[in-house]
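Only one structure is covered here, and it is reproduced in the block below.
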Amino acid sequence: MRRSELLRAVDDEFGGRATALTHDLVLGALGRTALEALDAGVPPREIWLALCDETEVPAQRRYGVGQLEPRRR
């Protein structure tokens, strides 16, 4: 997962709350917010999973999110 995929996944999952969650919610597993973790070099997938755990996102919505649809030729 890339940074852009993480941010897209957060936006898709949380909508209008995405900015507040990434800026303000301290993720227990990481001891910092999602944006602080990104800046510290924590892998985006690890941040996404920590955010999902913290906010109780169901397992079926955790994997494969944030990726763009493949281009059609």
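The values are calculated or read from the model by the stated rules, or taken from the named source; none is laboratory data. From a predicted model like this one, the values you see are computed outputs, not experimental measurements. Note that each Cβ is placed from the backbone with ideal geometry, even for glycine, and that neighbours are counted across all protein chains shown.
Values computed for the structure shown
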{"quantity": "First in region 39-60 and crowded, with 17+ Cβ neighbours inside 10 Å, second anywhere and part of a loop (DSSP other than H, G, I, E, B) and not basic (Lys, Arg), Cβ under 6 Å, 6 or more apart", "calculated": "PRO44/MET1; ALA50/ALA29; ALA50/LEU30"}
{"quantity": "Boolean, GLU13 is surrounded by 16 or more Cβ atoms within 10 Å (Cβ to Cβ), part of a helix (DSSP H, G or I) and either small (Gly, Ala, Ser) or at pLDDT 95 or above (or both)", "calculated": "no"}
{"quantity": "Unique residue being in contact with a Leu (Cβ under 8 Å, 6 or more places away or on another chain) and either in a helix (DSSP H, G or I) or aliphatic (A, V, I, L, M) (or both) when the list is LEU30, LEU38", "calculated": "LEU38"}
